[in-house]
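The values are calculated or read from the model by the stated rules, or taken from the named source; none is laboratory data. Since the structure is predicted, the reported quantities are computational estimates derived from the model, not experimental observations. Ideal geometry is used to build each Cβ from the backbone, glycine not excepted, and the neighbour counts take in all protein chains shown. Side chains are part of the model used for accessible areas, which takes the heavy atoms of the whole protein and leaves out ligands, DNA and RNA. Shrake-Rupley method; radii C 1.70, N 1.55, O 1.52, S 1.80 Å.
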2 protein chains.
Amino acid sequence: MTTKLHRATIRDVAERATVSVATVSRVLNGSERVTGATAESVRLAAEQLGFRLNSIGRNLRSTKTQTIGVILPTLTHPVFADCLQAIEIAASAAGYSVTIATTSYDPANEEAASERLLRNRVDGLILTVANANKSKLLEKLDRESKPYVLVYNEPTGAAKHRPSVGVDNRLAAKQITEHIIAAGHRNLRMISGPFAQSDRARSRARGFADAVAHAKLELTEPLQVDFMRTDVRAQLFEAMSARPAPTAFFCSSDQLAMRAMHSLRSLGFRVPDDVSVAGFDGISLGEWLTPALTTVVQPTHEIADTAFGLLKSLIDGERHLGSARLHHTLRIGGTVAQPTTTLIHPTQKGTL
Amino acid sequence: MTTKLHRATIRDVAERATVSVATVSRVLNGSERVTGATAESVRLAAEQLGFRLNSIGRNLRSTKTQTIGVILPTLTHPVFADCLQAIEIAASAAGYSVTIATTSYDPANEEAASERLLRNRVDGLILTVANANKSKLLEKLDRESKPYVLVYNEPTGAAKHRPSVGVDNRLAAKQITEHIIAAGHRNLRMISGPFAQSDRARSRARGFADAVAHAKLELTEPLQVDFMRTDVRAQLFEAMSARPAPTAFFCSSDQLAMRAMHSLRSLGFRVPDDVSVAGFDGISLGEWLTPALTTVVQPTHEIADTAFGLLKSLIDGERHLGSARLHHTLRIGGTVAQPTTTLIHPTQKGTL
DNA sequence: AGGAATAATGTAAACGTTTACATTATGGGC
DNA sequence: GCCCATAATGTAAACGTTTACATTATTCCT
């Protein structure tokens with residue numbers, strides 16, 4: 001319990017227990033059998049010296065770090081925060097540490113972030129990139145055959161081999177759009193994050209288009225809004241000025257849906273009375289809204305667990321195990337309602 | 001660009017550039033001056049070999065890891081997720097990596113999480129513990145004089161010396177409670193996370209009591225709800241059955257406020273018509289609600305930046321620089337309104 | 001009791017850097 | 001052209017582990 005200037009090393013422990021460093025290592029790792037008495041005296045010595053194994057020494061020698069890197073666009077979006085949390089829990093249960101990096105949706109940051117992680121010699125990576133089909137970062141990982149698993153991304157075409165875990169975005173988007181159409185809407189508009197920053201958004205737009213086409217309705221170009229910067233309100237004002245005006249919006253994320261509802265309401269439209277809104281993600285906050293948000297629920301927890309499990313297998317040297325499409329569900333809240341047959345355009349309360 | 005079985009080391013680079021390893025190290029770290037031509041040839045060799053510095057070797061030698069550990073109760077709560085994100089941005093700008101751990105509000109996990117981080121030899125820690133005054137973990141960090149900075153925690157008494165960054169919880173709670181009282185409420189109730197798991201909750205309860213006492217109103221015991229487990233609805237039903245029934249709730253977090261509003265509404269109470277609700281934190285989602293949540297806004301970003309700056313100073317060996325109380329603001333939304341003079345108790349639509 | 005098989009422990013060489021210290025090259029003043 | 005100061009580079013020893021291999025102790029047969 002004496003305060004030492006420099007921490008005790010394995011050598012100090014060995015000396016105190018009058019034993020070799022190898023034995024100490026063996027005891028502390030439970031790797032090979034050691035006589036009970038010896039083990040006990042080692043443990044005692046370690047305890048007395050306040051010894052704590054230095055992972056750096058171990059990592060250097062074993063060229064494994066028991067650490068994974070996680071790269072996500074942001075933690076401001078609950079979907080990613082929750083996912084990260086679940087990954088952390090799974091990882092620490094398996095004895096892994098988690099080092100994080102966020103990119104703010106900027107591919108340039110993906111590069112810098114990954115370099116930092118790779119210098120730290122993480123054993124593998126779990127990440128969401130802007131575009132899983134065309135990514136400098138993923139090419140690098142492939143080239144160096146560094147284990148990784150994508151989450152939420154849905155690589156296609158030539159990139160289909162890239163291991164990924166997520167839902168079938170296109171199908172899910174199609175289904176929730178069908179739900180909106182089934183409620184009676186004929187003029188739908190999608191609100192999406194920037195396609196350049198999110199391949200998910202693109203897949204969801206495709207699903208939206210599928211449903212619209214199948215119902216033989218007119219397809220309007222998705223409204224792309226920048227997550228972080230722009231004022232959604234102005235864009236929505238414009239969208240609502242179109243004739244015929246949309247009676248329902250499908251948003252590419254719950255966060256976007258919440259912002260859209262906020263803006264619509266501040267423009268004088270009631271949700272869902274005047275205009276319906278649906279989201280995508282299934283963040284728990286959405287349930288606590290009144291009315292609750294109608295949305296697609298992604299199994300965040302399962303995605304995280306599956307991704308970590310997959311990554312662990314890859315780290316352990318198993319050959320490519322494929323990707324996983326997990327089941328989504330629709331959560332029918334109260335934000336999608338029948339459209340009013342004759343929509344009286346409300347007074348524009350808000351000024352722009 | 002040739003795929004190497006094992007990554008190139010600094011020695012390979014030295015050999016290829018016909019130069020010593022020391023020179024390579026110097027070039028790659030820009031630490032000492034090296035002739036331009038030599039530097040160029042080293043860089044070229046490194047490039048050709050696809051060399052990437054191995055932090056582990058460096059860490060071992062320098063006994064610094066350029067990594068900080070962050071321990072938080074959860075990432076499910078946007079306040080912590082946002083804070084972590086801001087910490088990560090500040091850290092990476094300063095060349096630091098961030099390794100995370102979550103505790104699910106359980107002090108037992110604090111112990112395990114910190115051990116993992118300390119084995120990894122993080123240079124310092126930013127953390128939120130259950131109780132900053134009485135914490136095994138903090139005692140350990142003090143004893144080992146490992147740099148750390150608390151966020152959100154507000155150590156008092158004998159623990160006052162512990163570096164921390166946050167707002168004045170007691171004052172902030174008092175002020176927002178005063179706001180509720182000023183709206184005309186006479187029967188207030190606090191809804192709090194478990195005191196045992198959050199010293200913030202305790203401080204906020206004290207501030208609530210301050211305001212209530214100052215207005216000469218009757219103080220009721222705070223309603224403690226377990227963040228993760230319990231069904232808030234049943235507890236709220238009971239709370240609303242008291243006579244006189246509370247007309248306003250002050251919640252110790254925004255998340256709790258949202259859940260409370262949801263439960264109250266499902267029990268048939270309108271917010272804010274029948275009952276007012278205020279929160280604490282200032283998560284951005286709160287602004288997007290309709291009506292917007294009335295709450296205390298903590299400057300999350302600033303808290304994170306200040307904490308990291310403080311930690312960096314401590315790591316760099318500066319002597320104790322004290323703690324920081326940052327400014328909070330009230331965000332007046334629409335969830336707190338005048339109480340109805342004669343409250344007609346609504347039919348209990350919900351069944352328990 | 002003697003020896004073979006096996007279990008327990010020890011020895012020492014990595015792992016990939018950084019950095020004191022030693023050495024060699026360069027340039028300037030006379 | 002020589003010497004000295006100074007700049008550039010090299011040498012080799014750490015940093016704290018793990019682990020292949022070598023050695024010693026123990027056990028079990030016969």
**Fill in**
For chain B, the longest principal axis of the Cα atoms and the Cα long axis of helix B:199-214 enclose an angle in degrees, to the nearest 10, of 30 degrees
**Message:** Under the rule of at least 5 residues apart or a separate chain, name every residue whose amide H is placed under 5 Å from the amide H of residue A:149.
**Reply:** A:125, A:126, A:127
**Message:** Just to confirm the numbers: residue A:119, label point 7 angstrom along the Cα-Cβ line, distances to the other copies in nm, shortest first?
**Reply:** 2.6
**Item:** Label 7 Å beyond Cα on the Cβ vector: residue B:182 copy-to-copy distances, nm
**Value:** 5.0
**Asked** Cα atoms only, the protein assembly as shown: Rg and Dmax in Å?
**Response** 27.9, 90
**Item:** Debye equation applied to the C-alpha atoms of the range B:216-352, log10 I(q)/I(0) at 0.11, 0.16 Å⁻¹
**Value:** -0.51, -0.86
**Request:** For residue A:215 paired with residue A:302, estimate the spin-label separation in nm (one decimal), with each label point 7 Å from Cα along the Cα-to-Cβ line.
**Result:** 2.6 nm
**Fill in**
Measure of exposure for residue B:55: accessible area at 1.4 Å probe, Å² rounded to 10, is 20 Å²
**Item:** 10 Å Cβ shell holding at most 16 others, DSSP loop, GluC sites (Glu not before Pro): longest site-free stretch of chain A
**Value:** A:33-143
**Message:** Nearest the rotation axis from B to A, which residue of chain B has its beta carbon, and at what whole-angstrom distance?
**Reply:** B:81, 2
**1.4 Å probe accessible area per residue over the protein assembly as shown, in Å²** = 43 Å²
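List the trypsin sites (Lys or Arg not before Pro) within the range A:215-264 that DSSP assigns to loop and that have no more than 14 neighbouring Cβ atoms inside 10 Å.
On the way: sites: A:216, A:229, A:233, A:259; in loops: A:216, A:229.
Answer by residue number: A:216, A:229.
Work through the residues other than residue A:181 whose Cβ is under 14 Å from its Cβ and net out their charges, Lys, Arg +1 and Asp, Glu -1.
Numbers: positive: A:174, A:186, A:189, A:216; negative: A:178, A:210, A:218.
So the surrounding residues net to +1.
Mind checking B:61-71 for the average number of partner chain beta-carbons within 10 Å of each residue's beta-carbon?
Taking all residues of B:61-71 together, the mean is 2.
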**Fill in**
For the range A:169-297, the percent of all C-alpha pairs falling in each 10 Å bin, from 0 up to the bin holding the max distance, is 14, 50, 35, 2
**Asked** Ordered by residue, what ³J(HN,Hα) values in Hz, to whole numbers, does the range A:174-190 give under the Karplus form 6.51 cos²θ - 1.76 cosθ + 1.60, where θ = phi - 60° and Gly and Pro are x?
**Response** 4, 5, 6, 5, 4, 4, 5, 5, 4, 6, x, 6, 10, 10, 9, 9, 9
**Asked** Evaluated at 4 °C with a viscosity of 1.567 mPa s, what Stokes-Einstein diffusion coefficient in µm²/s does the range A:10-53 have when Rh comes from the Kirkwood expression over alpha-carbon pairs?
**Response** 132 µm²/s
**Message:** Under 17 Å between alpha carbons, and skipping anything fewer than 8 positions from residue A:64 in its own chain: which lysines qualify?
**Reply:** A:146, A:312
**Solvent exposure ordering (accessible area, 1.4 Å, most first) of B:149, B:21** = B:21, B:149
**Message:** Taking the full set of protein chains and a 1.4 angstrom probe, give the accessible area of residue A:202 in square angstrom, rounded to the nearest 10.
**Reply:** 60 Å²
**Request:** Could you state how much accessible area is buried at the A-B interface, both sides summed, with a 1.4 Å probe, in Å² to the nearest 100?
**Result:** 4700 Å²
**Asked** What are the nm distances, shortest first, from residue B:217 to its equivalents in the other copies, labels at 7 Å along Cα→Cβ?
**Response** 4.7
**Asked** Using a Förster distance of 22 Å, how high is the FRET efficiency between residue A:168 and residue A:143, based on the Cβ-Cβ distance and rounded to 0.05?
**Response** 0.15
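Does chain A classify as rounded, prolate or oblate by the C-alpha gyration tensor (a ≥ b ≥ c root eigenvalues; a/c under 1.5 gives rounded; else a/b over b/c gives prolate, otherwise oblate)?
Numbers: a/c = 3.05, a/b = 2.57, b/c = 1.19.
The shape class here is prolate.
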**Request:** Calculate the spin-label point distance for residue B:15 paired with residue B:316, positioning each point 7 Å from the Cα along the beta-carbon direction, and give it in nanometres.
**Result:** 4.0 nm
**Message:** I'm a student and want to see the number: the projected area of the Cα convex hull of the range B:146-190, averaged over all directions, in nm².
**Reply:** 4.2 nm²
**Request:** Using only Cα atoms, locate the centre of the range B:112-161 and the centre of the range A:144-212, then give the distance between them in Å, rounded to an integer.
**Result:** 43 Å
**Request:** Compute the distance in nm between two label points, each set 7 Å from the Cα along the Cα-to-Cβ direction, one at residue A:226 and one at residue A:273.
**Result:** 3.6 nm
**Message:** Quick check: the angle from helix B:232-241's long axis to the longest principal axis of chain B, C-alpha only, nearest 10 degrees?
**Reply:** 30 degrees
